[in-house]
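Chemist: Quick one: the structure is below, questions incoming.
Just so you know, all these numbers are worked out from the coordinates, no wet-lab data involved. Computed from a predicted structure; not experimentally measured. Note that we place each Cβ from the backbone using ideal geometry, even for glycine, and neighbour counts take in every protein chain shown.
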Amino acid sequence: MRIERGKQTDPEYLAVNPLGRVPALVTASHGTITEVPAVLSFIADAAPNRCLLTPAGTSEHYEALRWLAYLSSTVHPAFGRLWRADRFTTEAGCMSTVERAAAAQIASDFRHMDRVIAGKLFAVGMTISIADFYLFVFGRWGLRLTPGTREFPNLHRHTMTIAELDATRRAMTQQGITLEDRNRAPARKRFYRFVQYLTSQVKGLLPVGY
Ligand SMILES: N[C@@H](CCC(=O)N[C@@H](CS)C(=O)NCC(=O)O)C(=O)O
């Protein structure tokens, strides 16, 4: 389901995912699927010819699951603490402590992942899998951090490899985002907001009544 940034707690979206988190994939065959690892598994199953998750029973299968679990249980929540610190403390004065601890955790995870993917083209060896698309999310977000993705050469290389895929480019264009940007509204909406901003500035300069 497509929603605008900040609308995840609107009643229409809560009816789809009561946890108020994205993503939520509404499917014809299996109802609504939430939680990134489940959504990615569904996508892999929907396109078996792409081989985005090797079959159960292979080492690569469990390695991919290990990545998904680590990213969703450890890395993703650390970004939550960094960017939504207010959820993790009731003391306004403690927010920066939460953010600093989260940034340190992310740096440590980036160091770990950088080591793990050294000498590999993708997260699970030499073939792309659903784990790469989830890992890319954090590599992309990390471009805004210091220390961030650029300080970890293997992670940075991975981020750029995934960013340059046609499918990634198409998805980012569709979402109105670029590699470096924060999640941004589509171009039309950004332009409209810019015009609104200019209008509000100009109005402030005009005599009352304009
Ligand atoms: N465990 C969830 C986490 C999802 C999550 O935190 N999504 C973020 C966006 S990347 C979100 O919904 N943020 C909005 C919020 O926290 O209010 C999953 O795997 O889908």
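Chemist: Scan the chain and note any complete DSSP helix (H) whose C-alpha atoms cover at least 30 Å along its axis and whose Kyte-Doolittle average is -1.0 or more. Working shown, then result.
Modeler: On the way: long enough: 95-116 (31 Å, -0.20).
Span-like helices here: 95-116.
Chemist: In segment 53-175, what is the volume of the convex hull around the alpha carbon atoms, normalised per residue and reported in Å³? Let's see the in-between values first.
Modeler: Details: hull volume 13.8 nm³, N = 123.
Value for segment 53-175: 112 Å³ per residue.
Chemist: Report the gain in length on full extension from Met1 to Ile177: 0.36 nm times residue separation, minus Cα-Cα distance, nm rounded to one decimal. All intermediate terms of the calculation are to be shown ahead of the outcome.
Modeler: Working: separation 176, 0.36 × 176 = 63.36 nm, distance 1.73 nm.
Gain on stretching Met1 to Ile177: 61.6 nm.
Chemist: Roughly speaking, what is the stretch gain from Leu143 to Arg66, that is 0.36 nm per residue apart minus the C-alpha to C-alpha distance, in nm to one decimal? Numbers along the way, then the final one.
Modeler: Working: separation 77, 0.36 × 77 = 27.72 nm, distance 2.39 nm.
Going from the current span to full extension adds 25.3 nm.
Chemist: Viscosity 1.306 mPa s, temperature 10 °C: what is the translational diffusion coefficient of segment 1-92 from Stokes-Einstein with a Kirkwood Rh over Cα pairs, rounded to a whole number of µm²/s? Show your work: numbers first, answer last.
Modeler: Values: Rh = 15.3 Å.
Calculated translational D: 104 µm²/s.
Chemist: What's the extension gain from Asn154 to Trp83 if we count 0.36 nm per residue and subtract their Cα-Cα distance?
Modeler: 23.1 nm
Chemist: Based on DSSP H runs of at least 4 residues, each adding -39500 (n - 2.57), what is the mean residue ellipticity at 222 nm of the chain after dividing by all its residues, to the nearest 500 deg cm²/dmol?
Modeler: On the way: 9 runs with 110 residues, N = 210.
Result for the chain, helices only: -16500 deg cm²/dmol.
Chemist: Restricting everything to alpha-carbon atoms, can you work out Rg to Rh for the chain with a Kirkwood hydrodynamic radius? Each step should come with its number before you reach the end.
Modeler: Details: Rg = 19.9 Å, Rh = 19.4 Å.
Radius of gyration over Kirkwood radius for the chain works out to 1.03.
Chemist: Tell me the label-point distance for the pair Ala104, Val16, using the 7 Å Cα-to-Cβ offset, in nm and rounded to one decimal.
Modeler: Those two pseudo-labels are separated by 3.9 nm.
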